[in-house]
1. With an 8 Å cut-off on Cα pairs and a minimum separation of 6 or more residues, tell me the relative contact order of the chain in percent.
2. Which peptide among 236-242, 54-60 comes first, and what is the full order, when sorted by highest mean count of other Cβ atoms within 10 Å?
3. Quick check: residue separation of Thr156 and Ile54 times 0.36 nm, minus the Cα distance between them. What number comes out in nm?
4. Relative to the Cα centre, what is the charge dipole magnitude of region 116-209, using +1 at the beta carbon of each Lys and Arg, -1 at the beta carbon of each Asp and Glu, and rounding to the nearest 20 debye?
5. Using a Gaussian network model on the chain with a 10 Å cutoff between Cα atoms, which of Asp253, Asp269, Asp98 fluctuates the most?
6. Mean-square fluctuation check for the chain, GNM, Cα pairs under 10 Å: which of Leu78, Leu304, Leu315 is largest?
7. Of Val69, Val199, Val319, which has the largest mean-square fluctuation in a 10 Å C-alpha GNM of the chain?
8. Between Thr70, Ile237, Thr51, whose Cα lies farthest towards the positive end of the dipole of the chain when Lys and Arg beta carbons carry +1 and Asp and Glu beta carbons carry -1, centred on the Cα centre?
Amino acid sequence: MNASRTWVSVGVAVVGLVAGPAIAVTIATVPVGNVGNAGELSGAGAGGYGTDRICGSVGYTYNIGKYEVTAGQYCEFLNKVAATDTYGLYNTYMWSIDSGCKIRRSGSSGSYSYSVADDRANRPVNYVSYWGACRFTNWLHNGQPTGPQGAGTTETGAYTLNGYNGNDGRTIQRNSGARWAVPTEDEWYKAAYHKNDGVTGNYWDFSTGSDTAPGQDMADVSGNNANYYTAPYIFPIDSGKFTTIVGEFQNSDSPYGTFDQTGNVWEWDEAILYTDATHAARGWRGGSSGYNVNYVRASVRLTLSDSPAYGSDNLGFRVVEVPEPGSALLVLVGGLAAVARRRPR
């Protein structure tokens, strides 16, 4: 791992378990421009899984998380708003399961505190439900306040939740004026696969900027590597770990400059991919260390029937930042500069 990338930690000294005073979380983002680009077919009809949909067309500039939200960042969030964990933002599996992100809760309700193992702080958080991801973005939208889970901290802002934690919630959508949010499927897809070559419908099959399946070389000499399952199971990661440090494959970024949108953990998006009388399942994208290479392709639209309230060791998220109207031009200029700097694939 390049030393220059270690700054994505939340910024506290890491020895054993990271604890101490809560500090501000910094989310590194990259700009996504090429406004009004064409989409492409994703799903079973494109050779993957899930219902068919044209994905990836976005009519505005935006910023997206360069990395998946880390265990260290989520731990700071918990320390700010979960002294009493009213809406279950902490999952005990984060600590108790070997493949958990190793966030530990101490104390009793009303005075809970949270710490993260130093060797997991810069790896993606997991066991976060869709509603947990929404509450994290509400907290970012509201300026990272400290206080009980409620209006102005976790329950209002980008999404109006007001205590909802069920398996439906189809009417809960991103609010107008949201500054941070869970990505739409199109926002996520474009950042991962679009070739960043103008207002086109040109896409890669993998977010590593390639149509060839990625390898698993931790040295990442080739620039086309990712963390996913192979049989018999080979861990392309540190011994005993299920996920890699975010950005570990330092030469395998997407054309827009994101990392790990192929493999590591599945990531939530806002799309509703399945409904019945009581469920409205949100989408997953990108594959994980627990799924094989067939699931990390652009054509895979995955979900579970109960997924909004579901958490798993294979499931995390990243966030999107929607610029204020006055800053959209600056984002576009930044995106054009990024195109000029990109190396050829």
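Since every read-out is calculated from the coordinates, none of them should be taken as a lab result. Keep in mind that what you see is a predicted model, and the values were worked out from it rather than measured. So basically every Cβ, Gly included, is an ideal-geometry build from the backbone, and we count neighbours across all protein chains shown.
1. Values: 858 pairs, mean separation 78.3, N = 345.
Across the chain, relative contact order equals 23 percent.
2. Values: 236-242: 15.4, 54-60: 18.3.
Per-residue mean Cβ counts within 10 Å order the peptides as 54-60, 236-242.
3. Values: separation 102, 0.36 × 102 = 36.72 nm, distance 3.08 nm.
Going from the current span to full extension adds 33.6 nm.
4. Roughly 180 debye, rounded to the nearest 20.
5. For the chain, modelled as a Gaussian network with Cα springs under 10 Å, the answer is Asp98.
6. Leu304
7. Val199
8. The residue sitting most towards the positive pole is Thr70.
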